[in-house]
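Everything on this sheet refers to the single structure shown next.
The values are calculated or read from the model by the stated rules, or taken from the named source; none is laboratory data. Given the structure is predicted, the values throughout are model-derived calculations rather than measurements. Cβ: placed from backbone, ideal geometry, glycine included. Neighbour counts: every protein chain shown. Side chains are part of the model used for accessible areas, which takes the heavy atoms of the whole protein and leaves out ligands, DNA and RNA. Shrake-Rupley method; radii C 1.70, N 1.55, O 1.52, S 1.80 Å.
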Amino acid sequence: MRSLREKWADLRRRIHESPSRSPLLSHDGAVPRSKRFLTADDLADIARRYEAGDTTEHIGNRYGISKTRVATVLREHGITLRRQGLTEEQISDAAAFYACGKSLAWIGARYDVSHTTVATTLRRRGVKLRPRPGW
């Protein structure tokens with residue numbers, strides 16, 4: 001069995017003997033980001049779906065774009081974004097579920113909102129959140 005020293009020496013030799021690569025080209029400006037192109041039909045469909053009740057997250061997943069970009073598209077088309085959140089009844093139920101040991105993620109999935117929305121809502125209600133595992 002080869003020793004670690006022999007393996008290390010072999011690796012250094014192979015690196016030294018390998019052909020050199022050309023240097024990476026530097027960019028003078030910002031690196032262009034990949035953007036999914038949306039057609040006029042896509043934009044109209046996004047607006048229609050949102051006005052029909054779809055969430056920005058669902059629409060974003062459908063088109064492979066972020067929910068932030070969906071919101072930007074909607075604003076550019078003069079559509080007022082509705083506030084997503086929990087109803088008073090859902091907040092009461094969420095507090096009860098959380099008190100019974102359910103996770104923020106579980107509650108969020110149940111009401112189709114993010115775990116951070118649940119956490120913010122519960123904090124506003126005065127619920128002390130449990131520490132996260134590993135923190």
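A few remarks follow.
- Hits in the range 45-96 - residues which are open to solvent by less than 90 Å² (accessible area, probe 1.4 Å) and hydroxyl-bearing (Ser, Thr, Tyr): 50, 55, 56, 63, 66, 72, 87, 92
- Among the conditions (1) outside any helix (DSSP H, G or I); (2) charged (D, E, K, R); (3) under 30 Å from residue 37 (Cα atoms), residue 102 misses just one, which is (3).
- If only residues of the range 110-135 that are open to solvent by 80 Å² or more (accessible area, probe 1.4 Å) and closer than 18 Å to residue 55 by Cβ are counted, the one that is modelled with the lowest pLDDT is 112.
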